[in-house]
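Every read-out reported here was derived from the displayed coordinates using simple, explicitly stated rules and does not represent laboratory data. This one's a predicted model, so the numbers in the text were calculated from it and none came from an experiment. Positions of Cβ are backbone-derived with ideal geometry, glycine not excepted, and every protein chain shown enters the neighbour counts.
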Ligand SMILES: Cc1cc2nc3c(=O)[nH]c(=O)nc-3n(C[C@H](O)[C@H](O)[C@H](O)COP(=O)(O)O)c2cc1C
């Protein structure tokens with residue numbers, strides 16, 4: 001699979017099989033995450049893997065969607081605000097860094113035959129409380145991961161002429 005094919009195969013999966021994710025695959029995916037670039041190489045991130053029953057239940061309470069509960073595992077991608085690079089005009093770059101790492105995660109998972117979905121529309125305070133995170137740790141993205149029970153959909157994307165100029 002070349003890179004374009006990989007990007008077209010990744011999609012937001014909202015239905016997962018019961019089957020567990022193999023530890024070796026998870027290790028491989030997290031190594032791809034570790035290689036992600038970040039501003040001033042600060043790597044201002046922390047990834048919390050959620051697999052056991054009680055933690056899965058707690059996480060499901062942060063994002064109340066039936067489909068979300070079907071995933072066998074989740075990764076909570078957090079920004080460590082104390083470690084992020086802040087530009088001289090005040091713009092903090094931790095969220096950009098974590099976004100890059102999360103897309104590494106999603107593409108690596110796709111390559112391994114797994115499916116994922118970015119989830120940002122969750123209750124971050126509930127998540128902080130449930131997982132004992134301090135105020136400078138921002139849970140930014142929840143990523144359910146597992147074997148898909150649905151399949152890749154048509155990509156609705158803006159035309160090239162609209163997004164590329166010059
Ligand atoms: C930053 C970000 C936040 C997202 N948050 C959610 C979310 O909270 N819930 C959800 O179901 N999908 C979420 N998505 C998935 C998008 O809806 C999806 O990527 C988009 O519709 C394109 O579809 P595709 O991923 O299948 O190509 C999010 C995606 C991104 C990049």
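Observations on the model:
- For the chain, modelled as a GNM whose springs connect Cα atoms under 10 angstrom apart, the maximal fluctuation among 129, 89, 27 occurs at 89.
- The stretch 73-99-the stretch 10-46 distance, computed between alpha-carbon centres (Å): 16
- Of 31, 22, 83, the residue with the greatest mean-square motion in the GNM of the chain, using alpha carbon springs below 10 Å, is 22.
- When you restrict to C-alpha pairs under 8 Å that are six or more residues apart and normalise by the size of the chain, the relative contact order lands at 35 percent.
- Counting neighbouring beta carbons within 10 Å and listing from fewest to most, the residues 12, 38, 88 come out as 88, 12, 38.
- One chain, two ends: residue 4 and residue 52. Fully extended at 0.36 nm per residue, the span grows by 13.8 nm beyond their Cα-Cα distance.
- Label point distance in nm, residue 164-residue 151, each placed 7 Å from Cα along Cα→Cβ: 2.9
- Most mobile listed residue (33, 152, 141) in the chain, GNM with C-alpha springs under 10 Å: 152
- Paramagnetic label reach from residue 92 (point 7 Å along Cα→Cβ; backbone nitrogen cut-off under 18 Å): within the stretch 99-127, residues 99-102, 120-127.
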